[in-house]
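Reading through the structure tokens given below for one structure.
Taken together, the values in this text are just the output of simple stated rules run on the coordinates, not laboratory data. Since we're looking at a predicted model, the values are computed, not measured. Using ideal geometry, Cβ is built from the backbone for each residue, glycine included, and neighbour counts are taken over all protein chains shown.
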Amino acid sequence: MARHGPAIFEGQPAVDAVLKQAWYTDNIDSIPDGARHLLEQYSKSEPEEVVPHVVKMRNKAFEIWSYACIGQMRFSTYNLSLLPFYSRVLERVRSGAILLDAGCCFGQEIRYLVQDGVPSTQLYGFDLEPEFIHLGYQLFRDRDRVQATFVSGDILAEPTAPEGQEIAGLQGQMNIIFASSFLYSDNKPIDYFVRISEQHSAAKAKLESLYTLT
Ligand SMILES: C[S@@+](CC[C@H](N)C(=O)[O-])C[C@H]1O[C@@H](n2cnc3c(N)ncnc32)[C@H](O)[C@@H]1O
């Protein structure tokens, strides 16, 4: 699969020294309570191993793509649960709605939902970088039990291209699409979200107004 990332990293899979400094937080000795709770309760990590384990996974991922959301440990904050309408999302997925996390990285939002009582079979995530998905299984120690569907692919690829096919296969199935630190400056992801959502025209109107605001 072709590698894409922030333009500055094009052709540079290794960590860029300058950005590593800016986008990488050293000396981590704690993580947010929500992440600690998830890793202790859901992943059954021992309290003293939580921080070293998260930092180890963070470092592996940052070597692949040096995103600030990884280097600065932002993946340890579960953004979906902070939204004012989270309770509505929870209610819908608990009643059977299908949720997609676009650009899911480690899949942390999906694990948070599972811990909150959502059957993992109703949860989907996709990411360009398959290794992030594998690292997510290691981070959360749930490869043998989580039944969420993780797909690797490029949302910007043509649906018929090899790197676009798996994502295109989700077409028309998603009731809720969550995208955090993901939208690009062109319309392609929006077009895609509209295609895979349940109500195409309503989704289009909503996404276009949201996109205009952000
Ligand atoms: C800035 S990170 C945000 C990760 C996560 N959503 C969060 O909020 O912590 C962007 C994620 O989108 C993925 N991504 C970037 N471009 C993509 C593309 N064209 N298709 C699919 N995923 C992509 C990256 O691999 C990365 O995991």
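Below is a table of values for the structure above.
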quantity	calculated
Test: L128 is hydrophobic (A, V, I, L, M, F, W, C) and more than 9 Å from the ligand (Cβ to nearest atom)	no
Filtered residues of region 23-35 (kept if within 19 Å of the chain's Cα centre (by Cα) and within 10 Å of T77 (Cα to Cα))	I31, P32, G34, A35
Residue that is farthest from the ligand (Cβ to nearest atom) [pool: residues in region 131-141 that are under 24 Å from H37 (Cβ atoms) and under 13 Å from the mean Cα position of the chain (by Cα)]	Y137
Among (1) touching a helix residue (DSSP H, G or I) at 6+ places or on another chain (Cβ under 7 Å); (2) part of a helix (DSSP H, G or I), the one test that F106 misses	(2)
Residue list for region 154-171, restricted to those being within 11 Å of the ligand (Cβ to nearest atom) and part of a helix (DSSP H, G or I)	E163, G164, E166, I167
Test: residue in region 92-114 that is more than 15 Å from the ligand (Cβ to nearest atom) and under 20 Å from G34 (Cα atoms)	yes
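A quick yes/no check of all residues on (1) farther than 17 Å from L80 by Cα; (2) assigned to a helix (DSSP H, G or I); (3) among the hydroxyl-bearing types (S, T, Y):
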| position | (1), (2), (3) |
| --- | --- |
| Y112 | no, yes, yes |
| V118 | no, no, no |
| F126 | no, no, no |
| H134 | yes, yes, no |
| D142 | yes, no, no |
| R145 | yes, no, no |
